[in-house]
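Written out below as structure tokens is the structure these notes cover.
Read-outs: derived from the displayed coordinates by stated rules, not from any lab. Remember, predicted model here, so these are calculated numbers, not experimental data. Because the Cβ atoms are built from the backbone with ideal geometry, glycine has one as well, and the counts that use them run over all protein chains shown.
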Amino acid sequence: MADRRSFLIDTNIVIPLEDERPVATEFAEIMRRCSAHNVRILVHEASQADIRRDRDTNRRETTLSKLGKFEMLKGIPLPPEATLVRRYGSIASDNDRCDVALLHAVDRNVADFLVTQDNGIHRRAQLAGLEDRVFRVQDAVEWLRRTYDPKAVALPYLVDRRCYELNPEDPIFVTLREDYPDFDTWFRKVQHRPCWVLEVAGETAGILIRKDEEPRAESDATLSGDKILKIATFKVSEKFRGEKFGEHLLKQVLWYAQRNRYDLIYVTAFPSTQAVLIDLLTHFGFRHTSDRANGEAILEKQLGTGPLTEVGLDVIGLDVKYYPRFVADERVDAYCIPIQPRWYRVLYPENEVQPELPFEGGVDRTPGNTIRKVYLCRTQTKVILPGSILLFYVSGDAPGSGQVRTVGIVERMQEASDAGALLRLTGRRSVYSDVDQVLMAADVDRPVKVIDFLLVGHLDRPMILRDLIANEILSAAPQSIVRLKPGALEALSLHARLGFGP
């Protein structure tokens with residue numbers, strides 16, 4: 001039997017502030033689901049010590065009493081402070097030491113995941129390579145739902161509309177009005193702007209309003225580029241948080257911009273209320289270049305065509321910064337991965353040969369929404385380097401099989417030798433249930449390889465096996481992961497096949 005899973009929780013979600021009621025609701029959902037699935041909820045003694053320093057006696061005692069219901073982690077030894085600083089960043093206060101102690105507990109695998117709303121801890125987690133094991137509350141709810149709930153997969157339609165087709169009284173606009181007092185005046189002026197709308201069972205789950213080819217003279221952008229795409233509104237409904245619709249909208253706009261040869265994309269966002277959006281954009285190459293007078297951060301991303309080179313960036317750094325373009329030359333290897341149709345449908349439901357019927361409520365939409373994905377296998381290949389290109393070949397004889405249909409880029413490859421390690425390594429990316437992972441029976445003699453990768457696109461015209469053999473890309477239908485011979489990437493012309501230019 002697999003060990004019980006565990007969440008280490010930060011006190012900033014146990015005792016939410018008055019203006020954080022949605023967090024309180026979602027935390028109650030975590031409690032309910034953890035109880036139902038026997039998942040342990042832990043607190044750290046460092047958090048307790050941090051609370052004891054609170055000079056407000058009533059608040060301190062109330063908080064300590066709330067912590068008393070959770071299992072306490074005690075006595076985890078910490079390495080020297082210099083070691084902690086190198087791994088997790090600077091330590092200048094008792095609060096910093098508490099944050100580092102929480103991350104160290106996850107790093108030591110004393111807890112599987114950390115749940116916190118603290119942006120500083122999330123930045124430290126990225127520095128330490130732990131970002132996939134540090135969740136926000138909505139991520140934790142989604143992980144519990146995805147890991148333990150029964151699954152049916154479908155992808156809702158993302159539709160092209162004009163702003164005049166939208167209902168200004170839709171609930172999705174409520175928080176936009178709170179952030180932008182002049183929203184209604186602005187919205188009346190942009191009635192003919194194009195937008196993408198995520199429509200789920202008759203509701204608006206997300207919206208992205210864009211301004212195509214904004215003139216430089218009207219733009220807040222600062223980076224070079226003549227053809228500019230402005231994201232005027234990027235919003236996911238509160239009701240649909242945790243379903244990765246932010247990644248889905250971002251995937252849409254980045255693929256659109258690259259296919260249409262834009263030089264630059266930019267968006268503005270308030271750091272105080274849109275931290276999750278800013279984190280997502282930053283991960284995929286947007287840079288905070290300046291600020292508007294109203295306090296909004298201006299985030300920009302350059303695109304373009306041609307070879308990717310930049311001093312100071314390795315291959316995967318270039319791939320992330322310039323996503324969805326990627327390095328596809330002699331610097332990287334390419335691998336063909338055979339994947340069964342049922343697992344292909346889980347990872348890429350949006351690329352079905354015969355798409356599902358229009359979306360019905362109550363199904364798992366997340367796998368098809370994400371850019372960041374994970375693939376599990378038992379390949380004999382020992383090492384696949386970051387930046388390597390993955391060609392997903394659908395095996396079998398079902399419709400759409402016998403073809404390379406999808407391209408991904410490796411972020412990292414790891415190895416799991418037991419079910420607990422497998423669960424921790426798959427983290428927030430997993431589309432595999434707890435049962436699926438246990439059934440893989442990872443052990444020291446038969447470790448499971450965990451490949452974190454970025455989906456960069458689906459081929460407009462899949463490459464069929466006959467042509468792959470004729471062009472000496474493959475010698476036969478792959479039965480396991482196959483490393484392609486040198487020169488194959490040039491022959492494949494993947495950027496052109498994806499519509500991203502040379």
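Observations on the model:
- For the range 158-302: rounded, prolate or oblate by the Cα gyration tensor [a/c cutoff 1.5]: rounded
- Taking every full run of DSSP H in the chain, the ones that stretch at least 20 Å from end to end by Cα along their long axis and average -1.0 or higher on the Kyte-Doolittle scale are 21-36, 245-259.
- Rounded, prolate or oblate (a/c below 1.5 giving rounded, otherwise prolate when a/b exceeds b/c) for the range 6-148 by Cα gyration tensor: oblate
- 5 angstrom amide H check on Ala477, placed H, neighbours 5+ away: none
- Calculated from the structure at hand, volume of the Cα convex hull per residue in Å³ is found among (i) 209; (ii) 158; (iii) 169 as (iii).
- Prolate/oblate/rounded call for the range 56-111, Cα gyration tensor, a/c under 1.5 rounded: oblate
- Charge dipole (debye, nearest 20) of the chain; +1 at Cβ of Lys and Arg, -1 at Cβ of Asp and Glu: 660
- Out-of-range pairs (alpha-carbon distance over 21 Å; input Lys211/Lys373; Lys230/Lys321; Lys321/Lys373; Lys230/Lys373): Lys211/Lys373; Lys230/Lys373
- Here Lys66 is the anchor, and the lysines within straight C-alpha reach of less than 27 Å, apart from those fewer than 8 places off in the same chain, are Lys74.
- Estimated [θ] at 222 nm from DSSP helical runs (n ≥ 4, -39500 (n - 2.57)) normalised by residues in the chain, nearest 500: -9000 deg cm²/dmol
- Model label zone, Ser290; criterion: amide N under 15 Å from point 7 Å along Cα-to-beta-carbon; scope the range 255-272: 266-269
- Lys/Arg +1, Asp/Glu -1 at C-beta; the range 6-148 dipole; positive extreme among Ala82, Gly68, Thr116: Gly68
- For the peptides 387-398, 27-38, 408-419, 240-251, residues were scored by their other Cβ atoms within 10 Å and the scores averaged per peptide; the highest-first order is 240-251, 387-398, 408-419, 27-38.
- Rounded to 5, percent antiparallel among DSSP beta bridges of the chain: 70
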